[in-house]
Amino acid sequence: MQLTSFTDYGLRALIYLATLPEGRLTNITAVTETYGVSRNHMVKIINQLSRAGFVAAIRGKNGGIRLGMDADKIIIGDVVRKMEPLQLVDCTGCSITPACRLRKAMSDAIQLFLQELDKYTLADLVKGNEPLYHILLSEPPVAMTHK
């Protein structure tokens, strides 16, 4: 299974936000430049993450974005469920649909995939990952909680 770039960059954006020191805001431009993705694409991603509660967007002169909840409360499977169109096969108009078992097999596979992702939180991906902090922030990690 391959995730869409929308979900892929959504997860990467969350990883970036999870590495920020507690209380620090950033902006979409910083995330965009870090990953080399178009600003327009990242705006859509951050908006979806914000609607799902994973990102907090603060408006105003001193505004910006940060995690919308603690990294240890963000379950990777939940992020994928909110971001990804999880229908692997389109049975619309298929002549064998009444007798086909492919849809069930794909549905079962998706559920197993998500169950595996449910074992991981955003904190699991960043906690103690010194190389990640160095790459993203060029500074050592600090507190992992963001509210």
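Numbers for the structure displayed
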item: Helices (runs of 4 or more DSSP H) wholly inside region 74-143 containing at least 1 residues that are over 25 Å from L17 (Cα atoms); result: 102-117
item: Of all residues in region 27-66 being assigned to a strand (DSSP E or B) and touching a Lys or Arg at 6+ places or on another chain (Cβ under 8 Å), the one that is least open to solvent (accessible area, probe 1.4 Å); result: V55
item: In region 97-136, the residues that are open to solvent by 90 Å² or more (accessible area, probe 1.4 Å) and either among the basic types (K, R) or touching a Leu at 6+ places or on another chain (Cβ under 8 Å) (or both); result: R101, R103, K104, K119, K127
item: Test result for A56, small (G, A, S), in contact with a Leu (Cβ under 8 Å, 6 or more places away or on another chain) and under 23 Å from S5 (Cα atoms); result: yes
item: Residues being in contact (Cβ under 8 Å) with a residue 40 or more places away in the chain and within 17 Å of T7 (Cα to Cα) - total across region 96-119; result: 4
item: Check on P85, at pLDDT below 95 and within 18 Å of L125 (Cβ to Cβ); result: no
item: Region 40-55 residues that are on the phi < 0 side of the Ramachandran plot and modelled with pLDDT under 95, paired with ones that are aromatic (F, W, Y) and surrounded by fewer than 22 Cβ atoms within 10 Å (Cβ to Cβ) (beta carbon under 9 Å, 6 or more apart); result: none
item: Matching residues, region 82-96, being farther than 26 Å from G53 by Cα and exposed (fewer than 11 other Cβ atoms within 10 Å of the Cβ); result: D90, T92, G93, S95, I96
item: Region 10-24, subset modelled with pLDDT of 95 or more and touching a strand residue (DSSP E or B) at 6+ places or on another chain (Cβ under 8 Å), residue nearest to G60 (Cα to Cα); result: L17
item: V31 among the hydrophobic types (A, V, I, L, M, F, W, C), over 20 Å from L125 (Cα atoms) and either in contact with a Phe, Trp or Tyr (Cβ under 6 Å, 6 or more places away or on another chain) or free of Cβ contacts under 8 Å to residues at least 40 places away in the same chain (or both); result: no
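The values are calculated or read from the model by the stated rules, or taken from the named source; none is laboratory data. Values in this document were obtained by computation on a predicted structure and should not be read as measured data. Every residue, glycine among them, receives a Cβ derived from its backbone with ideal geometry; neighbour counts consider all protein chains shown. Remember, those area values only see protein heavy atoms, side chains included, never the ligands or the DNA or RNA. Shrake-Rupley method; radii C 1.70, N 1.55, O 1.52, S 1.80 Å.
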